Amino acid sequence: MADTASQSRIEELLAGLNAPQREAVTHGDGPLLILAGAGTGKTRVLTHRIAFLEGTGMARANEILAITFTNKAAQEMRERVERLLGRRTRAMWVMTFHAACARMLRADAHRLGYTRQFTIYDQADARRLVKRSLDELGVDTKRFTPGAVHHQISDAKNKLRDAEAYSRLVGSYFETTVADAYRIYERELHRMNAMDFDDLLVNAVNVLQLFQEVRDRYSTAFRHVLVDEYQDTNAVQYRWLQLLASEHRNLAVVGDDAQSIYGFRGADIGNILSFEETFPDAHVVKLEQNYRSTQTILSAANAVIAHNREQKHKSLWTNLGQGEPIKIRELDDEHAEGRYVVGEIERLVDEGASRAEIAVFYRTNAQSRVIEDTLVRRDIAYQVIGGTKFYERAEVKDAIAYLTVLGNPQDVVSFTRIVNSPRRGIGQTSLGRVIAHADAMGISIWQAAAHADQVPGLGTAAVRSLGRFMDTMQDLRERVEQRVPIGDLLESLLHDTGYIDALQAERTIEAQGREENLAELVEVAREFDATAEEEADTLDVFLQGVALVADADTRTDDEGLITLMTIHNAKGLEYPIVFIAGMEEGVFPHSRALDEGGLEEERRLAYVGVTRAMRSLYLTSARRRAVFGATQYGMRSRFLDEIPPQLTDRADEPRIRAGVAAQRPGSWASSSSSTRTETAVPAFRMGDDVAHAAFGAGVVTGVEAGGIVVVRFAGDGSERKLMAEYAPITKL
DNA sequence: CGTTATCATATTTTT
DNA sequence: TATGATAACG
């Protein structure tokens, strides 16, 4: 490794890193803990370290395992490493926990009684199966919702407790019910040759633990294991990492305990807090210099997080200067809050800010609606991150389920999904008979359906309908065996099964949208076909890949779009200008978190939110907010009070120094917003003819409280609710 | 079997 | 306020 060319390449690699970053990058063998505060360049350190290991010959590409939580992060990491190294890195395992486990399991799941085409169930599939398990037990699924039960099961799995271990630990009636459901659920999953997300991890650990030769194979192969966002790992992931790093002990983890916000999903902050106890010889590096935010923002974040007990002390600093104070505004209600936020956005854009630089965060998705309404009214383009995801859309899931059944004939959940979609006249009763018959005979659902005439009690219409359906499926399966490209397969599938026809028959805008989504899915498949190697079993590789993709990276950096999202979704991102709305007790911190002792995690969430901001930060709250229809009065969030006043500009309080206070004595928000809406009400009456800038001519069909008028528009016949004062409407 | 009406119910969610 | 699930009806 000592030739001059590579020597200079390494120097280049290290140039521009600060001292602790360089220390982390160049660390040799042995466990390494990198405590990286927000915005301190942790991805940089990770990618440079990988490049360093490879560049110096300390590890070859196929000896490196780099783990992330999201596909996006994995993709980005690979790209950055490739840019640093100046070459492709196909042999390197840079992927999510789940993808790595799925890949291992495709090779070794047969040892646990699965085939390599096992199906991966997402949360919705899993919940459906839990429901069936509960039904089998005769449990009232209203008292014990499948969601809650699945959450409990998932939690157990994440702690490496199987059904037996779980049942030994529990006492309450709810828990014993869960234990019974857990047992049936596991049995069913296995019988269907299916795994849920948690199983990917659990079964990977099982394979490694039960089969010495498998463990040896992987633990020898991976000379260096690197993990991103280590604070979010749970017990299974921890165990999996331990097994893989057992041979070389080169485990490098990067994380920030202050950003652990997925405890409700089983993430164990203890993994990072006790890393040094687990690995007494661990080298620890702290990254505290932040390259993102102003010192004011960092000081606020530091001050808030200081209120937590459980933490590794860190103190973020920057040389970017103080910057402007944090603006804290208290408004009357959520509408006034929305108007304030949008008003500020308009002002900032007028002053030259790009819309893409602005983000609005909130604690719960429900909060987005009011803000969206206001943005629509003011005609400001925006995008919401996190809504319904591409792969969770019904039509996409249907199409995937069709493919899944072709590969895995035992998969009852997928079969159930597609058998009557589009409508074929095979209802619950008929399907139930087929399933019961399959169970009784010990055959797959596919086989039972293929011989529908032998299913007892099935009506002639159902037999005929099933026969037609299975004929189509049989033909499609032959095409799978002929290795038809997946794009083509999918396309003919959608036509042969009548799916497209049914959508077209609907003649609605939504159906058209669904068709477009399906076209996009075909496109995804075509891309896969184009890049796939000439290997066997491409269908299951495609399906398992698709199952592990959350959203199709819809996050666009479109120039003209304001971005709205929950704070959870904001982790890892940065924006010059950030608004956090709903800073009230009960909303943020969320009431449910308060009940369950999750205050520290809420505070970490606040820390994450605040540290996303580069230049300007706005924190807003509403004195009054409609929650589920009813008005609630919430106190300002405690997190606001944890920010030292000298860092803030609070318009609702007399400021210590003159200036702002002189210009606005008293409450700024209450006087303006409430009076404005009330004066606007009498302007419109039922029956008034009006004109709207965008929708055209219409007639007022109703007047509601809060200055809202209902207008039916002549153009498209639609009826819309508009804010009289803000909507661009005029009386004729 | 499919449609409609009513009622309960309501964080956050990388895979 | 909105959605989703079940119950009753056609």
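Details
- Full extension of the segment from residue A:527 to residue A:376, taken as 0.36 nm per residue of separation minus the current Cα-Cα distance, would add 50.8 nm.
- Inter-part distance where region A:456-509 and region A:213-233 are each reduced to a Cα centre, Å: 42
- Taking a ≥ b ≥ c as the square roots of the eigenvalues of the Cα gyration tensor, region A:1-99 is oblate, since a/c reaches 1.5 or more and a/b is not larger than b/c.
- Peptides A:77-88, A:178-189, A:127-138 ranked from most to least packed by the mean count of surrounding Cβ atoms within 10 Å: A:178-189, A:127-138, A:77-88.
- FRET efficiency estimate (nearest 0.05) - Cβ-Cβ, residue A:502 to residue A:278, R0 41 angstrom: 0.15
- Short-range pairs are left out: with C-alpha atoms under 8 Å and at least six residues apart, the relative contact order of region A:56-171 is 17 percent.
- Contact order relative to length of region A:390-552, as percent, for alpha carbon pairs under 8 angstrom and 6 or more apart: 27
- For region A:446-492: rounded, prolate or oblate by the Cα gyration tensor [a/c cutoff 1.5]: prolate
- Cβ-derived FRET efficiency at R0 25 Å, residue A:265 paired with residue A:574, nearest 0.05: 0.60
- Modelled FRET efficiency - R0 45 Å, residue A:592 with residue A:351, Cβ distances, 0.05 increments: 0.70
- Which listed pairs, of A:159/A:389; A:131/A:389; A:72/A:312; A:314/A:389, have C-alpha distances above 25 Å, in listed order: A:159/A:389; A:72/A:312; A:314/A:389
- Label sites at residue A:453 and residue A:394, each approximated as a point 7 angstrom past Cα along Cα to Cβ, lie 3.5 nm apart.
- Label point 7 Å beyond Cα of residue A:495 along Cβ direction - residues of region A:370-412 with amide nitrogen under 14 Å: none
- Taking a ≥ b ≥ c as the square roots of the eigenvalues of the Cα gyration tensor, an a/c ratio of 1.5 or more together with a/b no larger than b/c marks chain A as oblate.
- Computed lengthening from residue A:423 to residue A:699, 0.36 nm per intervening residue step minus Cα-Cα distance: 95.4 nm
- Peptides A:586-599, A:38-51 ordered by average Cβ neighbours within 10 Å, highest first: A:38-51, A:586-599
- Relative contact order [Cα under 8 Å, 6+ residues apart], chain A, whole percent: 15
- Region A:575-639-region A:366-401 distance, computed between alpha-carbon centres (Å): 22
- Helix-derived mean residue ellipticity, 222 nm - over chain A, DSSP H n ≥ 4, -39500 (n - 2.57), to 500: -14500 deg cm²/dmol
- Estimated inter-spin distance, residue A:11 and residue A:478, nm [label 7 Å along Cα→Cβ]: 6.8
- Peptide ranges A:502-513, A:221-232 listed from the most packed, as the mean C-beta count within 10 angstrom indicates: A:221-232, A:502-513
- Look at where the Cα atoms of region A:1-34 and of region A:85-111 average out, and the two centres are 26 Å apart.
Since every read-out is calculated from the coordinates, none of them should be taken as a lab result. Just so it is clear, the structure is predicted and the values come from calculations on it, not from any experiment. All Cβ positions, even for glycine, are placed from backbone atoms using ideal geometry, and neighbour counts span all protein chains on display.
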